[in-house]
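Peer 1: The following block contains the structure, expressed as structure tokens.
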Amino acid sequence: MDRDTRKALVAAAVLLLVFGVGAYFLPVAVIAAGDVSPYAGAAVAVIFVAAFFVVFWLRGRFRRRGDR
């Protein structure tokens with residue numbers, strides 16, 4: 001396993017761990033925000049899902065920039 005592969009593996013493990021823990025606590029956060037407003041609960045869920053895609057989009061942009 002070379003250095004780049006190891007770095008990608010560690011990055012994937014960290015992202016999986018962070019989003020896994022976030023997904024575990026997401027129902028509690030949505031219910032708590034939903035007590036304030038149903039729209040707030042929906043916003044929490046949308047932000048969590050959008051953050052998942054934004055992180056990978058930013059990582060792809062960063063890696064493409066380094067390939068030039």
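The values are calculated or read from the model by the stated rules, or taken from the named source; none is laboratory data. All values reported here derive from a predicted model rather than from experimental measurement. Neighbour counts run over all protein chains shown; Cβ positions are idealised from the backbone, glycine included.
Peer 1: If you check every pair at least six apart or on different chains, which have Cβ atoms under 9 Å apart with a residue in region 1-16 that is under 23 Å from residue 48 (Cα atoms) first and a residue that is modelled with pLDDT under 85 and not in a helix (DSSP H, G or I) second?
Peer 2: Matching pairs, first to second residue: 9/1.
Peer 1: Is it the case that residue 44 is touching a residue at least 12 places away in the same chain (Cβ under 8 Å), more than 30 Å from residue 4 (Cβ to Cβ) and surrounded by 13 or more Cβ atoms within 10 Å (Cβ to Cβ)?
Peer 2: The answer is yes for residue 44.
Peer 1: Looking at region 49-60, can you tell me whether even one residue there is in contact (Cβ under 8 Å) with a residue 12 or more places away in the chain, farther than 25 Å from residue 4 by Cα and either in contact with a Pro (Cβ under 8 Å, 6 or more places away or on another chain) or not acidic (Asp, Glu) (or both)?
Peer 2: No.
Peer 1: Then there's this: Kindly evaluate residue 23 against the criterion of being touching a residue at least 24 places away in the same chain (Cβ under 8 Å) and either in a helix (DSSP H, G or I) or charged (D, E, K, R) (or both).
Peer 2: Yes, satisfied.
Peer 1: Now for a different question. With the requirement that a residue be loosely packed, with under 10 Cβ neighbours inside 10 Å and either within 30 Å of residue 63 (Cα to Cα) or among the charged types (D, E, K, R) (or both), what does region 21-34 give you?
Peer 2: 24
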